[in-house]
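Working notes, beginning with the structure itself.
The values are calculated or read from the model by the stated rules, or taken from the named source; none is laboratory data. This is a predicted model, so every value here is computed, not measured. Neighbour counts are summed over all protein chains in view; Cβ atoms, including those assigned to glycine, are modelled from backbone coordinates with ideal geometry. Areas reflect the complete protein model, heavy atoms only, side chains present, ligands, DNA and RNA absent. Shrake-Rupley method; radii C 1.70, N 1.55, O 1.52, S 1.80 Å.
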Amino acid sequence: MTRELLIPLVSCLLVVNQASLIRRCDLAKVLHQEEMDGFEGYSLSDWLCLAFIESNFNISKVNENADGSYDYGLFQINSHYWCNDYKSHSENLCHVDCQDLLNPNLLAGIHCAKMIVSRSGGMNKWVEWRLHCSGRPLSYWMTGCRLE
Ligand SMILES: *[C@@H]1O[C@H](CO)[C@@H](O)[C@H](O)[C@H]1NC(C)=O
């Protein structure tokens with residue numbers, strides 16, 4: 001490929017990459033608007049810690065698991081149980097296309113995450129949350145965030 005083509009292409013990819021990241025306090029605001037604060041007993045800090053540990057705040061993150069299922073979006077929601085990716089068997093408990101969980105408006109992912117924590121075990125279903133967030137002081141996740 002010629003250099004003339006390569007440079008705009010690379011800078012375009014960089015822009016796309018940046019767009020997939022949401023800033024911590026911007027995410028806190030959306031979660032607050034969607035009434036996640038205190039939902040099933042979990043604070044906004046719990047949700048921020050979960051999103052960071054699962055996706056590094058990368059809205060479009062997709063990860064393949066050893067069993068052939070995929071995890072989607074900020075909360076790395078699994079295609080085997082929660083969403084349909086039309087690739088492998090899915091219970092599709094959230095009644096949603098996995099691709100919708102990557103939407104920058106975050107609504108489908110938040111709706112599905114609410115469904116997941118409403119079931120027994122709550123956030124413990126996210127192994128990484130249990131290992132890295134559960135039972136720890138988490139209020140610093142909200143440092144400097146203004147919700148209005
Ligand atoms: C976000 O995730 C997508 C898909 O997994 C990946 O291609 C992209 O590089 C990630 N972006 C960042 C900034 O890490």
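Of the residues making up region 97-111, at least one is farther than 24 Å from residue 44 by Cα, modelled with pLDDT of 95 or more and open to solvent by 30 Å² or more (accessible area, probe 1.4 Å).
Would you be able to tell me the number of residues in region 74-94 that are within 16 Å of the ligand (Cβ to nearest atom) and either under 16 Å from residue 125 (Cα atoms) or hydroxyl-bearing (Ser, Thr, Tyr) (or both)?
7
Restricting to helices (runs of 4 or more DSSP H) lying wholly in region 33-148: which have 2 or more residues that are out of contact with any Phe, Trp or Tyr (no Cβ under 8 Å at 6 or more places or on another chain) and at negative phi?
In region 33-148, 107-118, 127-132 are the helices (runs of 4 or more DSSP H) which contain 2 or more residues that are out of contact with any Phe, Trp or Tyr (no Cβ under 8 Å at 6 or more places or on another chain) and at negative phi.
Just to check your reading of the model, which residue among 64, 4 is open to solvent by 90 Å² or more (accessible area, probe 1.4 Å), at pLDDT below 95 and of a type in the set (Asp, Glu)?
One residue alone meets the criteria, 4.
If you go through region 27-60 and pick out every residue that is over 20 Å from residue 133 (Cα atoms) and within 15 Å of the ligand (Cβ to nearest atom), you end up with 1.
With out of contact with any helix residue (DSSP H, G or I) (no Cβ under 7 Å at 6 or more places or on another chain) and closer than 27 Å to residue 145 by Cβ as the only criterion, which of 99, 33, 76 stands out? Walk me through how you get there before you give the answer.
Values: 99 fails: closer than 27 Å to residue 145 by Cβ; 76 fails: out of contact with any helix residue (DSSP H, G or I) (no Cβ under 7 Å at 6 or more places or on another chain).
Selected residue: 33, the only one of 99, 33, 76 that is out of contact with any helix residue (DSSP H, G or I) (no Cβ under 7 Å at 6 or more places or on another chain) and closer than 27 Å to residue 145 by Cβ.
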